[in-house]
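For reference, the structure is listed below as structure tokens.
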Amino acid sequence: MENKKGFVDIFSERVWKFFSSVKLAVVLLIILAIVSVIGTVIAQNEAPEKYLQEYSQAFVNLFEVLGFFDMYHTWWFVLLLFLLTANLTVCTLDRLPPTLKIITAPLKPIEDESLKALPFKREIIIKAGRGKAEELSVKTLTRHRYRFITTGGPDETQLVTQKGVYSRLGYIITHVSILLVFIGALLGAFFGFKAFLNLPEGRASKVVYLRNEPMWDKIMDTLGVAKSPVIPAADGGLPAMPIGYYVVCDSFDVDYYINAAGIPTGMPSEYHSTLSVYDLQERKILDKRIRVNDPLSYHGITFYQSSFGAIPEGKGKIKLNVRRKNSPAAQTEPVVLDPGQAVYVPSIDRTFKALSFNPYGIRNPATGQVQFFQTENNEFINPTVELEVSRGKGSKPLYKTFIMKTEAGEPSFPEDYTIEFVEYWGARYTGLQVTKDPGVWVVYTGFIMLCVGPVIAFFGSHKKLWVRIQDRKGQTVVTVAGSANRNRIGFEREFNKIADELAK
Amino acid sequence: MDSSLLFNIATLLYLAAMVLYISYLAFKKNGIGQVASIVTYAGFAIQTFALLTRWRESYQMDIGRIPLSNLYESLVFFTWSTVLLYIIIEFKYKTRAFGAFVLPVAFLALAFINVAGISNDITPLVPALKSNWLFYHVLISFFGYAAFGVAFAVSMIYLLLDTDERGPVVNIVAGIVALLVLASVGYVMAGNGLKTAFWLGLGVLVLAWFIFLIVSGAKHKAQIYLFWSFCVTLAIGMLVALGIDFLYLKAFQHIEAGESLKKHLFEATFVNPSTPVVFISWAAVVGLLFLIWFQGMRLKTFLKQYVPPLNQLDEVTYRMIAVGFPLLTGGIITGAVWANSAWGTYWGWDPKETWSLITWFVYAIYLHARYVRGWKGSQMAVISAVGFLAVIFTYLGVNLVLSGLHSYGGMN
Ligand code: HEM
């Protein structure tokens, strides 16, 4: 019969055997652990000049060939991951039938032959007779929360029981979860993208700029099957991906921690942007105030707050709210003006002129003096505007005052209205990280299973227990025997306890 | 009552418990052991209360965040979880033998922190760190590290008890010479801008040795003993160096509020600007290594009377790793979910992430090596030790040695 096996059969059998070995898994894991170190020692994806500063030309060439500068995406690293996946798949499939057999196997009474192989057993002689012995056994097993079946004939009774069969599934759940994470990551690489968008306040965009193009689009385009939606880069820029709607930045702002004196420190506590989505017919669909850790998702594309910056030579508008004292909060009049510009405010019959704008002003609470500080990176830590207020449509200036975003105490106003600083708008852009990852839910499913699987595998234990009650030469002999696939020490303790209780 | 007073009381109780556990080992009086346990529980209860108080204090200061965000809080939490785990073990395995080893670690770590009292002011967080996922991430990871720490300690005991004799003196001399040569080569190469080459080379050497030990380990007991000496030296040396760091930084350096102490790691010793200090530190390490190697057998005869048999130690190691592995997995996963919620990528292969994955691989190797025929307890103990070395590297080495891009901040 042996020679009837074709070459292909033998070959595939060999391959199957090779990939189902745990030894291969250990070897692959060792290799992966070692090579992963390389990419943590050599900085990844740096500019070529940087590498030349650090290494000689020969090393740079060598590392380039080996792919050490983008190691985790080289063909050989990905191949290692695929080998591990193949190993995992084959190994799990190989063991699936025996595991299922164990799980579905009906409980059977034990025979002398198999009794020998069991790690835990004890014989107890019970003087009170078989009936009493059975009663005692039933009670003891019930007390230990074992649900058992009873079998037997005229000369013996057996109580057969097991606990925790499903713990046998633990490692399968674990392995499948790792496969899911892999599959999810692949889905993301094929059908998702990573991009960014720097969007000035008040502006809209219907494309984002790609860092990596979806692999699927690229392949289909190369094969000539379907044209990629990606708009190729104009001179030196990045390729653009249409998103199918408009995203608009309504405003961007940074909040800062306030110190004990009520003055904002330079330490940001939150970045946030208000984004709106409009369809291509320019109808508004929704808006959301996003923060770091709280992005906006629409049509599978997610926008993350990631950075901000100044628009070159961008001029902002000062936005204020004016309200008469003793009137409800709703009755405010918004005032918008450019630095240097004068505007008439009808509700109070005054004219405001913005004399200056400063990104960081602090009022000395004792003297009322206002001091200005430099900021880095276009931060507006406590934006402050100096206002000149004049009567009516701007005859003689009445007074000058500083209006700032955060006041240490209650600001005082000489006339019967208050002025509130809202924002300095239009001079900055919000930096958005944009991603599409259709695989993320597969990955998350894998994550959840990965949290559960090992716990089941480690803390579950498949315990089997037999209690055989026999009449032998006028004596009642109770044989207790058991096995556990895990935590033997724990089971031994439980087993001894049960046996002790029976012997009493 | 404020939290620092409570922390001080807890530290003193741990000191008392440490003395009691050691005397319990020495005199074998059960009464002493019981008192030791009670004192430990009391210290633990007070430390728990102190942590909660600190949390509340942060809310009173209007910052409101979990007490887990700088090195001070991390270390306090680390000792807390270590003691918690120890208490669980004491209950489950009904042995107090490990107390004499675990409590000193808890006490020393807390003492360093308290004596130095450094950077325990509550500082606000940058936006990217304000995430519940981050909280779970840190919490779960620390529990995992604590479990692996216990597994490491037990493996160390296992390896010591498994050794029959320390072997020829040539071994330790060769080991020390290797250390000296490597140190001086490292010094020269770092000066020449060949840091990367040095670390890569060193990594390859160390890994080759580990693999040699694991694959052929059962036959080379003397080598395993040398490995044991290195590991114990590393653990003790690092704890002591951290302590000196705290003292030094407190006395001579001004650390800005909120600045992570991790940036100043080992500045008092191994990376001190003064060459003599660096030299003395290394000399002290070499001396410690020799001492431990030389006296190990004595420790063994002493320990042998108290600890359970080898197969039980093996089992405890496995159980601890079985606790640590799901926690490490959970830590990596919550970290990934956090990263995804902050910038839309759940995995970026940055050094810290990658090292946590490497650690995960090492423990996966441990779990599967059990199913490879012929691998025995001592080899498993070596893998467990290597796993913990990877943990230490993930936590400290990445920041210290590799340019810590992640450095607990991401966006700063
Ligand atoms: C990163 C990859 C892997 C992880 C995280 C992993 C995880 C696990 C875990 C947690 C267990 C339970 C261990 C225990 O109960 O002690 C397990 C068991 C097992 N794994 Fe893996 N595994 C991985 C890859 C593999 C691969 C590639 C193979 C292929 C041969 C494999 C074969 C096995 C086997 C045979 C068992 C024992 C099942 C049993 O209890 O009978 N594993 N794995």
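Observations
- The set of residues in the range A:283-315 that are outside any loop (DSSP other than H, G, I, E, B), open to solvent by 40 Å² or more (accessible area, probe 1.4 Å) and farther than 30 Å from A:Thr375 by Cβ comprises A:Lys284, A:Ile285, A:Leu286, A:Ser297, A:Tyr298.
- Within the range A:105-124, at least one residue is within 16 Å of the ligand (Cβ to nearest atom), outside any helix (DSSP H, G or I) and not basic (Lys, Arg).
- The range A:252-279 - residue that is outside any strand (DSSP E or B) and loosely packed, with under 15 Cβ neighbours inside 10 Å and, of those, farthest from the other protein chains (Cβ to nearest Cβ): A:Asp279
- Selection of the range A:1-49 for residues being within 16 Å of the ligand (Cβ to nearest atom), of a type in the set (A, V, I, L, M) and more than 7 Å from every other protein chain (Cβ to nearest Cβ) yields A:Val15, A:Leu24, A:Val27, A:Leu28, A:Ile31, A:Val35.
- When B:Tyr318, B:Tyr306 are checked against the criterion of being among the aromatic types (Phe, Trp, Tyr) and either facing chain A (nearest Cβ under 9 Å) or within 16 Å of the ligand (Cβ to nearest atom) (or both), B:Tyr318 stands alone in meeting it.
- Search result, residues across the range A:404-431 that are open to solvent by less than 40 Å² (accessible area, probe 1.4 Å) and in contact with a Cys (Cβ under 8 Å, 6 or more places away or on another chain): A:Thr430
- Set A:Leu450, A:Leu432, A:Leu355: member being within 16 Å of the ligand (Cβ to nearest atom) and either in contact with an Asp or Glu (Cβ under 6 Å, 6 or more places away or on another chain) or modelled with pLDDT of 85 or more (or both): A:Leu450
- Checking each residue of the range A:36-54 against the condition of being among the small types (Gly, Ala, Ser) and either surrounded by fewer than 13 Cβ atoms within 10 Å (Cβ to Cβ) or in a loop (DSSP other than H, G, I, E, B) (or both) gives at least one match.
- Within the range B:171-204, being at pLDDT 85 or above, open to solvent by 50 Å² or more (accessible area, probe 1.4 Å) and either within 14 Å of chain A (Cβ to nearest Cβ) or under 29 Å from B:Leu313 (Cβ atoms) (or both) holds for one residue alone: B:Ala174.
- The range B:23-47, residues that are over 21 Å from the mean Cα position of the chain (by Cα) and β-branched (Val, Ile, Thr): B:Ile32, B:Val35, B:Ile38, B:Val39, B:Ile46
- Condition met for A:Phe63 (away from the ligand (no atom under 16 Å from the Cβ), open to solvent by less than 40 Å² (accessible area, probe 1.4 Å) and in a helix (DSSP H, G or I)): yes
- Qualifying residue in the range A:168-188 (condition: modelled with pLDDT under 90 and either in a loop (DSSP other than H, G, I, E, B) or more than 16 Å from the ligand (Cβ to nearest atom) (or both)): no
- If you go through the range A:204-247 and keep only what is free of Cβ contacts under 8 Å to residues at least 12 places away in the same chain and among the acidic types (Asp, Glu), you end up with A:Asp221, A:Asp235.
- Checking each residue in the range B:356-378 for being more than 7 Å from every other protein chain (Cβ to nearest Cβ), within 10 Å of the ligand (Cβ to nearest atom) and over 20 Å from the mean Cα position of the chain (by Cα) picks out B:Leu367, B:Arg370.
- Listing of helices (runs of 4 or more DSSP H) fully contained in the range B:271-373 that carry 3 or more residues being out of contact with any Asp or Glu (no Cβ under 9 Å at 6 or more places or on another chain) and among the charged types (D, E, K, R): B:275-304, B:310-343
- A:Ser205 vs. criteria under 21 Å from A:Tyr429 (Cα atoms), surrounded by fewer than 17 Cβ atoms within 10 Å (Cβ to Cβ) and of a type in the set (Ser, Thr, Tyr): no
- Yes/no for A:Glu501 being open to solvent by less than 50 Å² (accessible area, probe 1.4 Å) and charged (D, E, K, R): yes
- Residue match in the range A:41-48 (condition: more than 27 Å from the chain's Cα centre (by Cα) and at pLDDT below 90): yes
- When the residues of the range B:133-142 are filtered to those that are of a type in the set (A, V, I, L, M, F, W, C) and surrounded by fewer than 24 Cβ atoms within 10 Å (Cβ to Cβ), the one that is nearest to B:Leu389 (Cα to Cα) is B:Phe142.
- Residue within the range A:453-465 that is over 30 Å from A:Glu386 (Cα atoms), at pLDDT 90 or above, more than 16 Å from the ligand (Cβ to nearest atom) and open to solvent by less than 20 Å² (accessible area, probe 1.4 Å) present: yes
- B:Tyr346 satisfies every condition listed in (1) within 16 Å of the ligand (Cβ to nearest atom); (2) free of Cβ contacts under 8 Å to residues at least 24 places away in the same chain; (3) buried (at least 23 other Cβ atoms within 10 Å of the Cβ) except (1).
Quick grid of which residues meet (1) β-branched (Val, Ile, Thr); (2) surrounded by 14 or more Cβ atoms within 10 Å (Cβ to Cβ); (3) in contact with a Ser or Thr (Cβ under 6 Å, 6 or more places away or on another chain):
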| site | (1), (2), (3) |
| --- | --- |
| A:Gln281 | no, no, no |
| A:Lys317 | no, yes, no |
| A:Arg323 | no, yes, yes |
| A:Gly340 | no, no, no |
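- Hey, A:Ile102 open to solvent by 50 Å² or more (accessible area, probe 1.4 Å), away from the ligand (no atom under 16 Å from the Cβ) and of a type in the set (A, V, I, L, M) or not: no
- Residue check, A:Leu223 of a type in the set (A, V, I, L, M, F, W, C) and either within 16 Å of the ligand (Cβ to nearest atom) or within 14 Å of another protein chain (Cβ to nearest Cβ) (or both): no
- Lone unmet requirement of (1) closer than 18 Å to A:Phe447 by Cβ; (2) more than 10 Å from chain A (Cβ to nearest Cβ) for B:Glu353: (2)
- Any chance A:Leu199 is of a type outside the set (D, E, K, R), away from the ligand (no atom under 16 Å from the Cβ) and closer than 16 Å to B:Thr345 by Cα: no
The values are calculated or read from the model by the stated rules, or taken from the named source; none is laboratory data. Bear in mind that the values here come from a model prediction, so they are computed numbers and not experimental data. Please note: Cβ atoms are built from the backbone with ideal geometry, for glycine as well, and neighbour counts cover all protein chains shown. With ligands, DNA and RNA removed, areas are computed over all heavy atoms of the protein, side chains included. Shrake-Rupley method; radii C 1.70, N 1.55, O 1.52, S 1.80 Å.
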